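Contents: one structure, followed by commentary.
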Amino acid sequence: MKKMTKTKGIVYFVVSALIIVLLGLLVVNGTPNWKWLGKWKQSGNAGNIKLGLDLEGGVSVTYKVSEDNGKWTEQNLADTRSKLEQRIHDFSNEATAYKEGEDRITVEIPGETDIQSVLDRLGATGELYFCTKLADGANVEVEGHETISLEEGAYVGTYEVWLTGEEVADAQGVMDTNEKTKASEAIVSLKFSEAGREAFANMTTAHNGDQTFIIYDKDVISAPTVQNAITNGEARITGMSDLEEAKALATGIRNGALDLKLERISSKVVSAQLGSDALAKSVKAGIIGILLIILFLLCVYRIPGIAAGFALISYTELIMLVLNAYDITLTLPGIAGIILGIGMAVDANVIIYARIREEIAKGKTVKSAIKLGFEKATSAIVDGNITTFIAALILIWRGSGSVRGFGQTLAIGIVISMFTALVVSRGIVWFLYYMGFDTEKFYGKEEEKKPIDFISKRFICFAVSAACAVAGVAAMGINSGAGKDAFYFSIEFAGGTSTAVEFNSKVDVDKLNKEIVPAIEKELGISGVQSQIDRETGLVTFKTAALDEEKTQKLRDLLVKSYDAKDAEDNFLPEFISGTVSKEMRTNAVLATIVATICMLIYIWFRFKDIRFAGSAVLALIHDVFLVVAFYAISRTLVGTNFIACLLTLVGYSINATIVIFDRIRENKAVMKRTDDIKDIVNMSITQTLTRSIYTSLTTFVMVFMIYIMGVSSIQDFTLPLMVGIIVGGYSSVFLTGSIWYMFVAKKYAAKK
């Protein structure tokens, strides 16, 4: 920046503003169809982002166990459900499959409208064979090998099976370069198990120079000629039309054949579970929230507030473009990841600008203050974001369904928020400085604060936390003692009843979600009712908590008398549905959170060179999670898939706030004198970062609060505990984390005196 002039500053500022306007136009209108854009040329506007079943709807397919199976078990059905769910993850990570009734499985794929494509994927048997062809009419004995016959198509005949998909350890659809033509082609790369490696080696050795056949679902998908014996345990399937087909085949191979034969009994495109206006309201609330945050930052930080506004707007634009370009399905938990990203983007800017004001207060010039402000803030920003990014990666790796979707949007948001804070914001601040905003009055000066004695009040804070925890445990016990679950579980967790209802006239989606669903919840004394409309037939399905005969009759009476439902015997037939949040998904979510916490502990230990920092952060994290869980029990707020997303959002938010304080303690401890009291160092560090803690909590709270007051009931069930989590996270970072660390080190520093 040494050669920067006022003219250059103005030019660069205008160019930056134009780039942000251009990004906004791309979000609204999409990218031009230029070939050199590659994948990005496929990007439409933000309205084309793939949305989840809760926000837009999708495809729903129901299967029944075929009578051809003979006797089957619950385990067979569970394994079949799991494999079906894995098959459609290429459509969306949010796809789910759940048991309905005694012998049915329903698969739901959010954001999808092509039923035939879904049916083709689900209908595959998943049977894979590596074969050689037997001579027609020859009396050939096949020792130890089974045979299969193809009776239709170009490859009619009998084949000797050397190995099956059971011997495939891994299959991936990838792009590769053809050795002969040097052209790029889609293939399926296979890796065999030890038994498979030996069997494949035997086949290619015995038939070197002969044609072999790879048969999948009774079709020959590849018929390569063996050039040399293959003994490395790897193989390729070529002939794929595109990467999408290769990935689909790889998915089918990895999951193998279904344990049970199924008969499809229905397939339909359904409406959004949260109603057609849920997303529109959330977007509007988000825009208002961002504008309020920008206005707040302008009032508090003056000229740097302009840079923060540019950074937040560019963050929003970039995340919309990335979600659209890479076909990431956006659901309500995904929106939570974006909200957390916005909070961290604001947090980064607050840390930077507070640092600039502190340096000005120390007597530095504005130019030096800007330089030092960004330098000193970087470590706290990077450490806070990396710990949260670690958690996001673990969630993507171990999570499933909406948990994985949350991890994806959170990871993307973290990367973009760091870029906008450390690159966009930095650049705009310098451009403004060289434009003539180079005096102290444009930036402000951090007033010296008298340290607040947080440490002396630590036992009062511990008592408050303990009281809240005891209240939560008591609420769980009271709920259980009253014959209810400790928590108010949604149908995603506890299962419930699915009731298909036919109306005499077509039901409007908005009326359904704004009028009929609330009326059902009031009449039956329940909440969390979900509704879906078959877009072709108009048949409405209501998913509720388990209904007995009395409540089923109440539902019938309400809908027939008040909303013109057909009063027929075959209408209102209830079916039990299992929880869509399967035991596997719950286990994965818990394991992901535990592994993420351990990884964050290790990272903090490594960066701060002191395991006591890491231990204090994790204890505060456990405290925050427990208090939010206690709030769910006390308030009887609905516990569904959004419960997991809420806790994971809190984990990321809480650890980020804690690291900022620990970073300041580390900095002050490095320059402390031998006569200084570590208690005073901790109090001073918390006081110095107190403004940042308040501002960050406030701005994030405003963002969530706007979505709460403008959202539909299901969104409010999610945002209410999220607001509680923000308050709890802010409280623990200020009043608990420093105190816990102090208690770990007090004896050590006392001994040094």
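The values are calculated or read from the model by the stated rules, or taken from the named source; none is laboratory data. Quick caveat, the model's predicted, so the values are computed rather than measured. Reconstructed Cβ throughout: ideal geometry from the backbone, glycine too, with neighbour counts over all protein chains shown. Note: accessible area is taken over every heavy atom of the protein model, side chains too, but ligands, DNA and RNA are not part of it. Shrake-Rupley method; radii C 1.70, N 1.55, O 1.52, S 1.80 Å.
Here are the numbers for this structure:
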item: Residues D557 and E152, FRET efficiency given R0 of 41 Å [Cβ-Cβ distance, rounded to 0.05]; result: 0.15
item: FRET efficiency, K64 to A750 (Cβ-Cβ, R0 56 Å, nearest 0.05); result: 0.20
item: Crossing angle, helix 332-361 versus the chain [Cα axis fit, 0-90 degrees, rounded to tens]; result: 20 degrees
item: Cα long-axis angle, helix 6-29 against the chain (0 to 90 degrees, to the nearest 10); result: 30 degrees
item: For region 443-564: rounded, prolate or oblate by the Cα gyration tensor [a/c cutoff 1.5]; result: oblate
item: Long-range amide H partners of F503 with built H, under 5 Å; result: V540, K566
item: About the Cα centre, charge dipole magnitude for the chain (Lys/Arg +1, Asp/Glu -1 at Cβ), debye; result: 5820 debye
item: Among L601, G725, S368 the positive-end extreme of the charge dipole of the chain (Cβ point charges); result: S368
item: Stretch gain in nm, segment D242-F606, where the contour uses 0.36 nm per residue and the Cα spacing is subtracted; result: 126.6 nm
item: Label zone at E550, where the point sits 7 Å out along the Cα-to-Cβ direction: region 563-577 residues whose backbone N lies under 14 Å; result: none
item: Under Karplus coefficients 6.51, -1.76 and 1.60, residue-wise ³J(HN,Hα) of region 288-294 in Hz, glycine/proline x; result: 4, x, 5, 5, 5, 5, 4
item: Calculated Rg and Dmax of the chain using C-alpha coordinates, Å; result: 30.0, 98
item: Listed peptides 98-108, 441-451 by packing density, highest first (mean Cβ within 10 Å); result: 98-108, 441-451
item: Span from the region 441-457 Cα centroid across to the region 666-706 one, whole angstrom; result: 9 Å
item: Accessible surface of the chain [probe 1.4 Å, protein heavy atoms]: carbon and sulfur percent; result: 57 percent
item: Backbone HN-Hα couplings from phi across region 503-519 [Karplus 6.51/-1.76/1.60, Hz, Gly and Pro as x]; result: 9, 5, 10, 5, 8, 6, 4, 5, 5, 4, 7, 8, 10, 5, 4, x, 5
item: Where the chain is the region considered: accessible area per residue in Å², 1.4 Å probe; result: 45 Å²
item: Built amide H within the under 5 Å cut-off of I577, gap 5+; result: G101, G496, T497, S498
item: C299-T7 pseudo-label distance in nm [points 7 Å out on the Cα-to-Cβ vector]; result: 4.0 nm
item: MRE, 222 nm, helices only [DSSP H, n ≥ 4, -39500 (n - 2.57), over the chain, to nearest 500]; result: -19000 deg cm²/dmol
item: Nonlocal amide H pairs with A169, under 5 Å, H built at 1.01 Å; result: K191, F192, S193
item: All lysines inside 28 Å of K362 as judged from Cα atoms, apart from same-chain residues fewer than 8 positions distant; result: K2, K3, K6, K371, K376, K441, K445, K449, K450, K669, K673, K679
item: Region 471-484 - phi-based ³J(HN,Hα) in whole Hz, Karplus 6.51/-1.76/1.60, Gly and Pro as x; result: 4, x, 4, 4, 4, 4, x, 5, 4, 5, x, 7, x, 10
item: Between helix 611-635 and the chain: long-axis angle, C-alpha atoms, 0 to 90°, nearest 10; result: 70 degrees
item: Förster-model FRET efficiency, 22 Å R0, I634 and E521, C-beta, rounded to 0.05; result: 0.60
item: Among 614-623, 113-122, the order from most to least packed when residues are scored by Cβ within 10 Å on average; result: 614-623, 113-122
